[in-house]
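The values are calculated or read from the model by the stated rules, or taken from the named source; none is laboratory data. None of the values given here were measured: they were computed from a predicted structure. Methodologically, a virtual Cβ is constructed for each residue, glycine included, from the backbone with ideal geometry; neighbour enumeration extends over all protein chains shown.
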Amino acid sequence: MTNLSELLAQCGVGLYDAETVNENSRTIYRIYIVKDGGVSLDDCENVSRLLSPIYDVEPPVLGDYVLEVSSPGLERALKDARHFKQSIGELVSVKFINENGENDGIKGTLVAANDGEITVGNDDLSLVIPYDKIKKAKTYIEW
């Protein structure tokens, strides 16, 4: 089968993430797409229309499932270096294990991200956090 990223490029969008979740006794295969200028409903529809016949022949998961295509949203999970690099300058909430082995957290601006660590800063401090210490991270919006 053709690579998912290559298929999405045919629709003019990029792959942010894909996940399989179970909600209300249903299996959902969810694809998050991104595009400069934002993702429209038409973009989601075009991707779904492209993938549906392919997945009818080669399903992405075992058993019955529902395909969902959407944008990752303004408040989105950050799971890998690519996500962090794309989010530099945005507000983030990071839960991590500190140098004492304890659970900790910080909210602030994602100042930097490379292949090994991120830097998050706020009015009080600036922290460098290795990826292997991050338990959960997401962008957030102050309303």
### Summary
Counting only residues that are more than 16 Å from A18 (Cα to Cα) and modelled with pLDDT of 95 or more, segment 65-84 contains a total of 1
#### Entry: Every residue from segment 31-78 that is assigned to a loop (DSSP other than H, G, I, E, B), buried (at least 16 other Cβ atoms within 10 Å of the Cβ) and not aliphatic (A, V, I, L, M)
Y65, S71, P72, R76
### Message
Can you pull out every residue in segment 125-142 that is under 22 Å from D17 (Cβ atoms) and either outside any loop (DSSP other than H, G, I, E, B) or at pLDDT 95 or above (or both)?
### Response
I129, P130, Y131, D132, K133, I134, K135, K136, A137, K138, T139, Y140
#### Entry: Residue, surrounded by the fewest Cβ atoms within 10 Å (Cβ to Cβ), within segment 79-101, restricted to residues that are among the polar types (S, T, N, Q) and over 16 Å from the mean Cα position of the chain (by Cα)
N100
### Query
So which residues in segment 87-115 are of a type in the set (D, E, K, R) and under 13 Å from I129 (Cα atoms), if there are any at all?
K95, E99, D104, K107, D115
### Query
Which is within 25 Å of K136 (Cα to Cα) and in contact with a strand residue (DSSP E or B) (Cβ under 6 Å, 6 or more places away or on another chain), of E75, E23?
E75
### Subset of segment 102-143 (residues that are exposed (fewer than 11 other Cβ atoms within 10 Å of the Cβ) and without any contact (Cβ under 8 Å) to a residue 40 or more places away in the chain)
E102, N103, D115, G116, D123, D124, L125, D132, W143
